[in-house]
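Taking it in order: structure first as C-alpha cells, then the write-up.
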Amino acid sequence: MVVKTEVCTFSGSRIYPGHGITYVRLDNKAFKFVSAKVKCYFQHRWNPRKLAWTQMYRRLHKKGTLEETQKKRTRKIVKGANKAVVGASLDIIKQKRNQKPEVRAAAREAALREVKERNRAKQAAKKTAPKPSGGKPMDKPMGKQPKAPKGGGKGGMRR
Amino acid sequence: MVQVQTYLNVADNSGAKTILCIRILGSSRKIAKTGDVIIGVVKTAIPNMNVKRSDVVRAVVVRTKKVIQRPDGLAVRFDDN
C-alpha cells in the first residue's frame, strides 16, 4: 500500500503519517515539521539554509549527486516544412531548401537587376512623355514588388 | 484548550472581535477543544453590527493554540484561539 508522505518545510525530509506537526500561522501560512527538533529551530528563527543537515543547505551548496538534481531538458528540434503548401508542392519546397547559398545569391542579384531595369524603363517612359493626355498611354504598374524577393522568389508564395 | 475566562478571537464577520468564554456546553466540562460549542460574552465589537458589546453569545471553537490530534495522526496547531 502506498502511503502519502508530506515534506517538511524546514528540513525537506519526508513526514510519514502519525509523525510531525502542522503549524498554521496567523497569516494562514501552514508549515509542516517532521519533529520537535525542527519545530524548535523554526521557532527560534533559524535559517534552514545555514544548517548543513537540511535539504535547502544541500541544494544550495550542491551536495549530493548532480544527476538526481538535474532534470533532463529535451529541446524541441524544429524541422523544416515537410508538408506541401497550396502554392508549392513538396518537391519545390525541398528544392528551394537545398539550394546552395551561391545559387541563391546569384538568383537574388538577378532579380534585383530585373527590378532596377524595370524602374529605369519606367523613368525613361515618364521623361519622354510630354503630357499625360497627349503622350503614350501609361500602364499602371501591375502589382510590382518594391523589394527583390528572397531566394529567387518562391513559386506561388508571393504576397 | 479553551476554558472559562479564556479570551478568543472571533473568526467570522458577526461584528464581535473578542469574546470571553463563560461556559462550555456539554455536561460539566472543563476544557473546550476545536469543534466544541461555548457560551461567551462579547468583549470588543465593531460598531453598528448585529452583535454588540456585552452580548451573551454561543460560539464554536475553530482554532486553538493547543495541538489538535486527528485520528489519521495529523497534528495541527494554530497561532490563536
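No other residue among B:Lys30, B:Lys65 is on the phi < 0 side of the Ramachandran plot, within 14 Å of another protein chain (Cβ to nearest Cβ) and charged (D, E, K, R) apart from B:Lys65. Taking the conditions exactly as written (touching a strand residue (DSSP E or B) at 6+ places or on another chain (Cβ under 9 Å) and within 14 Å of chain A (Cβ to nearest Cβ)), does B:Val41 satisfy them or not? So B:Val41 does not fit the description; no. Within the stretch A:9-28, can one find any residue that is in a loop (DSSP other than H, G, I, E, B) and either touching a residue at least 60 places away in the same chain (Cβ under 8 Å) or among the charged types (D, E, K, R) (or both)? Yes; the residues of the stretch A:9-28 include at least one that is in a loop (DSSP other than H, G, I, E, B) and either touching a residue at least 60 places away in the same chain (Cβ under 8 Å) or among the charged types (D, E, K, R) (or both). If the condition is being open to solvent by 30 Å² or more (accessible area, probe 1.4 Å), in a strand (DSSP E or B) and farther than 22 Å from B:Val76 by Cα, then the stretch B:22-40 contributes B:Ile22, B:Arg23, B:Ile39.
Could you go through the stretch A:5-24 and let me know if any residue there is open to solvent by 100 Å² or more (accessible area, probe 1.4 Å), at pLDDT 85 or above, closer than 30 Å to B:Val67 by Cα and within 39 Å of the chain's Cα centre (by Cα).
Here is the first cut: in the stretch A:5-24, the residues open to solvent by 100 Å² or more (accessible area, probe 1.4 Å) are A:14, A:16, A:19.
This time we only want the ones that are at pLDDT 85 or above, so: A:14, A:16, A:19.
Imposing the further condition that a residue be closer than 30 Å to B:Val67 by Cα reduces the set to A:14, A:16, A:19.
Applying the additional criterion that residues be within 39 Å of the chain's Cα centre (by Cα) yields A:14.
There is at least one residue in the stretch A:5-24 that is open to solvent by 100 Å² or more (accessible area, probe 1.4 Å), at pLDDT 85 or above, closer than 30 Å to B:Val67 by Cα and within 39 Å of the chain's Cα centre (by Cα).
When the stretch B:7-21 is filtered for residues that are buried (at least 19 other Cβ atoms within 10 Å of the Cβ) and part of a loop (DSSP other than H, G, I, E, B), only B:Val10 remains. Would you mind stating whether A:Arg45 is outside any loop (DSSP other than H, G, I, E, B) and modelled with pLDDT of 85 or more? Taking the combined requirement at face value, the residue does not satisfy it.
Against the list (1) in contact with a helix residue (DSSP H, G or I) (Cβ under 8 Å, 6 or more places away or on another chain); (2) within 14 Å of another protein chain (Cβ to nearest Cβ); (3) among the polar types (S, T, N, Q), the condition A:Thr22 fails is (1). Looking at the structure I just gave you, is A:Lys32 touching a residue at least 12 places away in the same chain (Cβ under 8 Å), open to solvent by 100 Å² or more (accessible area, probe 1.4 Å) and not in a helix (DSSP H, G or I)? For A:Lys32, the condition - touching a residue at least 12 places away in the same chain (Cβ under 8 Å), open to solvent by 100 Å² or more (accessible area, probe 1.4 Å) and not in a helix (DSSP H, G or I) - is not met. Within the stretch B:52-81, residues that are under 20 Å from B:Gly40 (Cα atoms) sit with their Cβ atoms under 8 Å from residues that are aromatic (Phe, Trp, Tyr) and modelled with pLDDT under 80, at 6+ positions apart or across chains, in these pairs: B:Arg63/B:Phe78; B:Thr64/B:Phe78; B:Lys65/B:Phe78.
The values are calculated or read from the model by the stated rules, or taken from the named source; none is laboratory data. Quantities reported herein were computed from a predicted structural model and do not represent experimental measurements. Because the Cβ atoms are built from the backbone with ideal geometry, glycine has one as well, and the counts that use them run over all protein chains shown. These area figures cover heavy atoms from the full protein model, side chains too; ligands, DNA and RNA do not enter into them. Shrake-Rupley method; radii C 1.70, N 1.55, O 1.52, S 1.80 Å.
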